[in-house]
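To start, the structure itself, in structure tokens.
The values are calculated or read from the model by the stated rules, or taken from the named source; none is laboratory data. What you are looking at is a predicted structure, and each value in this text was computed from that prediction instead of being measured. Every residue, glycine among them, receives a Cβ derived from its backbone with ideal geometry; neighbour counts consider all protein chains shown. These area figures cover heavy atoms from the full protein model, side chains too; ligands, DNA and RNA do not enter into them. Shrake-Rupley method; radii C 1.70, N 1.55, O 1.52, S 1.80 Å.
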Amino acid sequence: MKVALIPYITAGDPDLPTTAEALKVLDCCGSDIIELGLPYSDPLADGPVIQAAATCSLARGTNFDAVISMLREVLPQLSCPVSLFSYYNPILKGGIGKFMTIIKDAGVQGLVVPDVPLEETGILRMESSKNNIELVSSVGVTGTRTNVSARV
């Protein structure tokens, strides 16, 4: 069995300079992948700790452009890949293709979008593939080998 260390932190909690330093520390500590959450005002799939972190981050004015700017500076210094965790609405707001191009250009290598059911990920899979971004899909308890295989 293979295991991987994949820590999660919320961008901008307590602030973006601290997030940048945390990414470096997590990389030096042997993380295989780091999952970086984009703060969102209505984080439905998150528990109370991540909800509080997102609230703190947003209250300090963290936004997508600021996170991307920080990532452009920090990611070249890391040896492990970073995957963004984002809800679908912020991706749709600016356009899926544009979002994928921006995160690719910043050096992001993966994307988790928890609020999109597997059967509705077609456009995300197409755009992520075009931009060499690994889309991490979730499969619910009702997923069968047949319907999952048909979509992945």
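Please work out if Val25 is assigned to a loop (DSSP other than H, G, I, E, B) and either basic (Lys, Arg) or surrounded by fewer than 17 Cβ atoms within 10 Å (Cβ to Cβ) (or both). No: the conditions fail for Val25. Might you let me know whether segment 28-47 holds any residue that is over 20 Å from Gly12 (Cβ atoms), assigned to a helix (DSSP H, G or I) and without any contact (Cβ under 8 Å) to a residue 60 or more places away in the chain? Yes, segment 28-47 contains a residue that is over 20 Å from Gly12 (Cβ atoms), assigned to a helix (DSSP H, G or I) and without any contact (Cβ under 8 Å) to a residue 60 or more places away in the chain.
State whether the residues of segment 130-139 include one that is touching a residue at least 60 places away in the same chain (Cβ under 8 Å), buried (at least 18 other Cβ atoms within 10 Å of the Cβ) and within 29 Å of Val25 (Cβ to Cβ). The answer is no, given that none of the residues of segment 130-139 is touching a residue at least 60 places away in the same chain (Cβ under 8 Å), buried (at least 18 other Cβ atoms within 10 Å of the Cβ) and within 29 Å of Val25 (Cβ to Cβ).
Does Lys104 satisfy the criteria of being among the basic types (Lys, Arg), surrounded by fewer than 20 Cβ atoms within 10 Å (Cβ to Cβ) and under 15 Å from Ile133 (Cα atoms)?
So Lys104 passes the test.
Exactly one residue out of Ala22, Ala11, Ala53 is in contact with a strand residue (DSSP E or B) (Cβ under 6 Å, 6 or more places away or on another chain), modelled with pLDDT of 95 or more and over 20 Å from Val136 (Cα atoms): that is Ala22. Going through (1) modelled with pLDDT of 95 or more; (2) open to solvent by 50 Å² or more (accessible area, probe 1.4 Å); (3) closer than 15 Å to Ile9 by Cα one by one, Met70 falls short only on (2).
For Cys29, the conditions (1) in contact with a Pro (Cβ under 7 Å, 6 or more places away or on another chain); (2) more than 11 Å from Thr62 (Cβ to Cβ) all hold with the exception of (1). Listed by position, the helices (runs of 4 or more DSSP H) contained in segment 73-152 that have at least 3 residues being modelled with pLDDT under 95, more than 13 Å from the chain's Cα centre (by Cα) and of a type outside the set (A, V, I, L, M) are 88-94, 145-149.
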